[in-house]
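The values are calculated or read from the model by the stated rules, or taken from the named source; none is laboratory data. Just so we're clear, the structure is a prediction, and the values are computed from it rather than from any experiment. No Cβ is skipped: glycine too gets one built from the backbone with ideal geometry, and neighbour counts run over all protein chains shown. Surface accessibility is based on the protein's heavy atoms, side chains included, excluding ligands, DNA and RNA. Shrake-Rupley method; radii C 1.70, N 1.55, O 1.52, S 1.80 Å.
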Amino acid sequence: MATISSLLADHVSLRVRSVDRIFLAGYVPRLQSDGMLVRFLNERAGGTIPSPAMLGKIGRAYVEAINAFAKAREIPVVRFTKDMVKEDVARPHMAKAQRDGRSGVVMLGVAQEKAFAWRGWRHGGHDAHPHFEFGRQAVFVNHFYWYIFDREWGPSFVKTNAYAPYPAWIYLNGHEWAKRQAQREGIEYLPLDNGFRCCDQPEQLAEICDSLSEQDIFGFCDRWRRELPSPFTEAERGRYGYRYSVRQVEMSDTRVFDRPQAGRAWFEQTISDQLDLGRPDKVQIIFDRKITRRTPGRFQTKVITKGVEPVIQAHYKHSKVKQYFKEGRALRTETTVNDPYDFGIKRTLTAETWQQLRSIGDDINDRLLDAQLQACSCAPDPMTLTRLVSPSIEDGQPAPALHFADPRVMALLACLCSYQHLFSGLTNRTLRPQIAEIIPGYTRGQMTYDLRRLRRKGLIRRTPRSQRYELTPFGRRTAVFFTKTYVRIVNPTLAELDPRLPQEIANRSPIARAWRAYEHALDDKIKQAAIAA
């Protein structure tokens, strides 16, 4: 029978690691305080008193420029309602632009949404020389969705509004960028929705995906900032430039199976193997129906059938890692970082933050796959097993035993299997609440003792200059082996060997039948020896 390890080794025809979705928030640094806003209005007013009415005047002029831009280029304008899915409305316009080989704005969407904008009001002074104050307030205003088919990035959009400090939001897709670079290099491929299904030059494709940098993103932003209408005059654009903050970035690892059956077998084995091992936040089957909070029922099952898409998810703060079966052909492992602060990374997009985010995403994807593969080959050798379950001396220090079947040890090792630790390691504070759910009254002192013996036994190692630990490959294999053995072999078997188990039920269990037959045979042997009590 094929294992999840052999399925990945023998039945994957293409592997692609790439940045997927990118979502940025653009902001003008010189408009982020009331003093900066007053200076801007003062410059625009030519030195006169900066009135709040100027904000409305600038906004109206910007809206007029947007309408004139759309009319001159015959861009369709759609006013979004709550029941509309914006991407679905824009998709036909994107497809037409792609068929025609045309780049540019293909649709303008208008939606009223919440924003925090500068507002002004009078605060003292007299009519000849009034005093004004400015502050940010929540307002519901029109946002303009510029749906763009870009020559470098393909389908993308830029969102703006007409209210200071004039924010912008940019959506891009790294796979679409890679497709256009591959076409330019003459690389033939078949597309997968938001990815690649096959390719005649996989090594060159991997180099293209790796080459995507922050400069390619800045190129898109600068190009369309010059092309689209702006609330700033030509003279102001140089002084009031934008910076970009990372709101979301996805790093993906896609492995295309040579046939759909291999991919489905991989998920069937992996999901059944992980359901009682580590308890990830969400392991569910997503049907081809939209599921909302009002949808009744629990959507969890081990059965994989045609028409469903298996998904494994694990969450950490605002970010998550997800695995799913893409279009019935590919295993997609995808880390989504919704806030770089989750990993101690700055939000502003720079060369340094870009490389840090890519490294974080690739490492998490690799660790998730490694954790799953280690669950298949986790049995330690006899000498190692003896060293674990017995007291020992490690590097000159005593290492207390990890007694198999001890409730505290089993709870400790089961919690080590949690996917949560894949993101940023574990600490006394993060691990202890998990164990306390299994063993009420579990204390901080007990956690300190257990961390010490785990470290001395080699199951975890301390991150330098911190109180944080990470699970070693040996530690994960050991935790998986102990947990699997205890949960899937020892506990069920002891229940089947219970002498109080009704005979009718015992007859359905091969182990129970064999055990009772052994007991009967042993009783007969004792009687024959005439040594019965």
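Cross-linked pairs Lys82/Lys179; Lys159/Lys317; Lys71/Lys326; Lys179/Lys320; Lys326/Lys484: Cα-Cα separations exceed 31 Å for Lys82/Lys179; Lys71/Lys326. Computed with a 1.4 Å probe on the full set of protein chains, the accessible area for Ser13 sits at about 80 Å².
For the pair Arg465 and Glu437, the difference between a 0.36 nm per residue extended length and the Cα-Cα distance amounts to 7.1 nm.
Compared with the dominant Cα axis of the chain, that is its longest principal axis, helix 428-438 is turned about 50°.
Of the trypsin sites (Lys or Arg not before Pro) found in the range 151-252, those in coil by DSSP whose Cβ has at most 16 other Cβ atoms within 10 Å are Arg151, Arg239. Note on Arg243 and Val141: their simple-model spin labels are 2.1 nm apart, each label 7 Å out from Cα toward Cβ.
Shown in residue order for the range 79-90 are the 3J(HN,Hα) couplings computed by the Karplus curve 6.51 cos²θ - 1.76 cosθ + 1.60 at θ = phi - 60°: 8, 6, 10, 4, 7, 8, 9, 4, 5, 5, 5, 7 Hz (x for Gly and Pro). Against the criterion of solvent-accessible heavy-atom surface with a 1.4 angstrom probe, His318, His93 sort, most first, into His318, His93. Carbon and sulfur together cover what percent of the accessible area of the chain at a 1.4 Å probe radius? Carbon and sulfur together cover 52 percent of it. Does the range 407-459 come out rounded, prolate or oblate, given a ≥ b ≥ c as the square roots of the eigenvalues of its C-alpha gyration tensor, rounded meaning a/c under 1.5 and, failing that, prolate meaning a/b above b/c? It is rounded, given that a/c, with a ≥ b ≥ c, falls under 1.5. Ordered from highest to lowest accessible area with the whole protein assembly present and a 1.4 Å probe, Tyr189, Tyr166 read as Tyr189, Tyr166. Relative contact order, whole percent, for the range 379-533 stands at 20, derived from Cα pairs under 8 Å and 6 or more residues apart.
Between Gln261 and Tyr341, residue separation times 0.36 nm minus the direct Cα-Cα distance comes to 24.8 nm. For the range 4-13, putting each phi into the Karplus relation 6.51 cos²θ - 1.76 cosθ + 1.60 with θ = phi - 60° gives couplings of 5, 5, 5, 5, 6, 6, 10, 10, 9, 8 Hz, in residue order, rounded to whole numbers and with x for Gly and Pro. In the chain, the longest principal axis of the Cα atoms and the axis of helix 260-274 are about 70 degrees apart. DSSP assigns beta bridges within the chain; of those with both partners inside it, close to 95 percent run antiparallel.
In terms of its C-alpha gyration tensor, the range 50-145 comes out prolate, because a/c is 1.5 or above and the ratio a/b outweighs b/c. With axes computed from alpha carbons, what is the tilt in degrees of helix 214-227 against the longest principal axis of the chain, rounded to the nearest 10 within 0 to 90? Value to nearest ten degrees: 30.
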